[in-house]
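Written below as structure tokens is the structure these notes are about.
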Amino acid sequence: MAGFRNGRGRDNRPPQQHRPQQAPYGYDGPPQAHPQQQWQQQPQQQPYGEPEYFGDPHAQHHAATANNPGHTQMFSVDDPYGQAGAYQAPVPVGPRLPWKALLSGIVLRPADTFLRMRDHAVWGPALIVTFLYGLLAIFGFDQAREEVLNATLSSTIPYVLMTGVGFVVAGLILGAVTHTLARQLGGDGAWQPTVGLSMLIMSLTDAPRLLFALFLGGENGLVQVIGWATWLAAGLLFTLMVSRSHDLPWSKALGASAIQLVALLSLIKLGTL
């Protein structure tokens, strides 16, 4: 019993001392250092895809805090209406379109065309197309066509030329009115692209009606239906053009184009008035 009290029969080997843990792979720290100190001295590796911050403890603290649960990291969302609530159209892309691509783009790709040409003047195509349209527009009205055909050639040519010039002047005035209304409604577009594109829309949209009116007359039922349909198409194109050129929503763009649409209905008459 005495021997048992003295510890005989037990393992009398001295207690083992804690072995110092080996340093992590690739770390050249002293092997006798405390394991906790070795772990603190080991440089922390950034997770994959995380940015590194050099020399700015506040940035490190902010990045660590933002990723912890219960903390929210601020981020921005692209708002097309901006902080002020005004609609902002995308920035136009690409150089000026040549005249063939411009004319076909207004009919086939109006949104991309108006966006690309919002900062480019189109005076050349606008003046030429509107003048040619005015030369032929007089033959789309029954009474005016009879007067021109019954008159002499010397009096017909000046009359037709003056009609072409009159349509150009009317297009310039109506386009300027549309631009002024768009700016008053908060638009930020330039006046030259707005006026030029409005003249092209006015001429191109009425071309189908004029083509049938040259052979069938302006009072024909088919010509009247085509005239109303092309007038509605003109309203859509005017609204889309003003929206892209002046960074306006559809409601304000339509309001800016309303006077020009009513004036076109009265001047060209669409074969119905």
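Using a Förster distance of 41 angstrom, determine the FRET efficiency expected from the C-beta separation of N150 and W123, and round it to 0.05. Don't jump to the answer; show the numbers that get you there.
Numbers: r = 36 Å, r/R0 = 0.88.
FRET efficiency, N150 to W123: 0.70.
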Would you mind calculating the relative contact order of the range 86-178 from Cα pairs under 8 angstrom and at least 6 residues apart, reporting the percent as a whole number?
-> 26 percent
When only C-alpha pairs under 8 Å and at least 6 residues apart count, what is the relative contact order of the range 125-205, in percent?
-> 42 percent
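Treat the count of other C-beta atoms within 10 Å as a stand-in for reagent exposure and order T230, T180, T194 from fewest to most. Kindly include the intermediate steps, with their values, before the conclusion.
Numbers: T230 19, T180 15, T194 25.
Exposure proxy ranking, most exposed first: T180, T230, T194.
Among 135-144, 167-176, 252-261, how do they line up from the highest to the lowest mean number of other beta-carbon atoms within 10 Å? Can you show the working numbers first?
On the way: 135-144: 17.9, 167-176: 19.5, 252-261: 21.2.
Result, highest mean Cβ count within 10 Å first: 252-261, 167-176, 135-144.
Quick check on the exposure proxy: order R244, R145 from fewest to most C-beta atoms within 10 angstrom. Display every interim value, and only then the final one.
On the way: R244 25, R145 16.
If I rank by nearby Cβ atoms, fewest first, I get R145, R244.
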Arrange R116, R209 by Cβ neighbour counts within 10 Å, fewest through most, would you?
-> R116, R209
Percent relative contact order for the range 108-271, counting Cα pairs under 8 Å at least six residues apart, stands at 31 percent
Apply 1/(1 + (r/R0)^6) to the Cβ-Cβ distance of W250 and L161, taking R0 = 41 Å, and write down the FRET efficiency to the nearest 0.05.
-> 0.60
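Only the coordinates and a few stated rules stand behind these numbers; no lab work does. As the structure is a computational prediction, the values presented were derived from the model and not from experiment. With ideal geometry, Cβ positions are generated from the backbone for all residues, glycine too; neighbour counts draw on all protein chains shown.
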